[in-house]
Amino acid sequence: MVTFRRACRMAAAAALLLGSSAVAAQAASTLETVKARGKLICGVSMGTTGFALADAQGKFAGFDVDVCRAIATAVFGDPNKVDFVMTNINTRFQVLQSGEIDVLSRQTTMTYSREASLGIDFGPTVFYDGQGLMVAKSLGINSAKELDGAAVCTLPGTTTAQNLADFFRATGKKFELVVFENPDENNNAFFSGRCDAVSSDRSDLASIRAASKSPGDYVILPETISKEPLAPAVRQNDSNWRDIVSWSAWMLMAAEEKGITQANVDEQLKSQDPEIQRMLGVTDELGPMLGLDKNWGYNIIKQVGNYAEVFDRNLGEKTALGLSRGPNSLWNTGGLLYPPPVR
């Protein structure tokens, strides 16, 4: 029989153990790990023009890279306190799950099954995309519906094959799926004529075309055959870190919404707009709620820019990809970007 005194001792021990576990978990939070390390570790693609590509000196640039730099700036006030780890399609989630990276920023589609079964959480959609198909202009094809019996190149470990099967079944056409293990093999097979078409997210197709020897020889067909909301991902059970990643991305969007840029952010410190004051840390000190400096929003905008600046310099119409904003415009200009209020 368990006596009352013994039961009390057991309850106290259990409470102590629970408290110790909570403290240990808190001590091992991603934010504390990143701060102790002195830098963020961000997983990006193996090399995708416009999204994540290293130059001859090993310096990374791209849309996904700038999302990482925004997070690093939120934590450290310095966009350069980040190391980039190139991840492939087959291992990107395992690298995140194992703790080798702190965040995955890699043209990754948010889906139900990924968030429910892989032990990861997605942040906000930072790029609204959709799967398409690209062909050589010399084929004279103007629609994916003309690709009856076509051989289509793609990569494993994605939803691309299922989307293609659904599309061709719906159109009553047949196709041959040709799968390659890495992007270089896939792209080279397409450019050499091994495949009639290549299929991926439309932004990725634009990157593939831009990296070719003759971009003008290829055309992305008009059909968009899937929804692909691309978002950064973190490990589950660390809501504070997920909030930091999410609000770093939303700060880029909110800054554009409010007309705050790298060039005018210092002037905006004098703004009488209450939300701008909160965003820039003039009032309310929202940053400490997440373990960040009160000026974290100001730092992101000053060091990285707003969403429009990030998009335009990496993906916009004056870049090799030549993408228009489309659905990646703000909600008040006909797009889907809708940052929550900063209050």
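The values are calculated or read from the model by the stated rules, or taken from the named source; none is laboratory data. This one's a predicted model, so the numbers in the text were calculated from it and none came from an experiment. A quick note on method: Cβ atoms are made from the backbone with ideal geometry, for glycine too, and the neighbour counts reach across all protein chains shown. Side chains included, ligands, DNA and RNA excluded: accessible areas come from the protein's heavy atoms. Shrake-Rupley method; radii C 1.70, N 1.55, O 1.52, S 1.80 Å.
Quick look at the numbers
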read-out: Test set (1) surrounded by 22 or more Cβ atoms within 10 Å (Cβ to Cβ); (2) of a type outside the set (Gly, Ala, Ser); (3) modelled with pLDDT of 95 or more - Leu155 fails condition number; value: (3)
read-out: Positions within the stretch 252-289 being crowded, with 17+ Cβ neighbours inside 10 Å, aliphatic (A, V, I, L, M) and assigned to a helix (DSSP H, G or I), in sequence order; value: Leu252, Met253, Ala254, Ala255, Val265, Ile276, Met279
read-out: Of residues in the stretch 47-81 being basic (Lys, Arg) and in a loop (DSSP other than H, G, I, E, B), the one least open to solvent (accessible area, probe 1.4 Å); value: Lys81
read-out: The one condition in (1) open to solvent by 10 Å² or more (accessible area, probe 1.4 Å); (2) modelled with pLDDT of 95 or more that Ala197 fails to fulfil; value: (1)
read-out: 3 or more residues among the hydrophobic types (A, V, I, L, M, F, W, C): qualifying strands (runs of 3 or more DSSP E) within the stretch 108-216; value: 131-136, 150-154, 175-179
read-out: Residue match in the stretch 302-315 (condition: among the aromatic types (Phe, Trp, Tyr), out of contact with any Cys (no Cβ under 7 Å at 6 or more places or on another chain) and open to solvent by 40 Å² or more (accessible area, probe 1.4 Å)); value: no
read-out: Output for the stretch 316-343, where each listed residue is closer than 20 Å to Gly259 by Cβ and either open to solvent by 40 Å² or more (accessible area, probe 1.4 Å) or in contact with a Pro (Cβ under 7 Å, 6 or more places away or on another chain) (or both); value: Arg325, Trp331, Asn332, Thr333, Gly334, Gly335, Leu336, Tyr338, Pro341, Arg343
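Let's see how each residue does on (1) touching a Phe, Trp or Tyr at 6+ places or on another chain (Cβ under 6 Å); (2) of a type in the set (Phe, Trp, Tyr); (3) open to solvent by 60 Å² or more (accessible area, probe 1.4 Å):
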residue: Tyr128; (1), (2), (3): no, yes, yes
residue: Asn142; (1), (2), (3): no, no, yes
residue: Leu147; (1), (2), (3): no, no, no
residue: Ala170; (1), (2), (3): no, no, yes
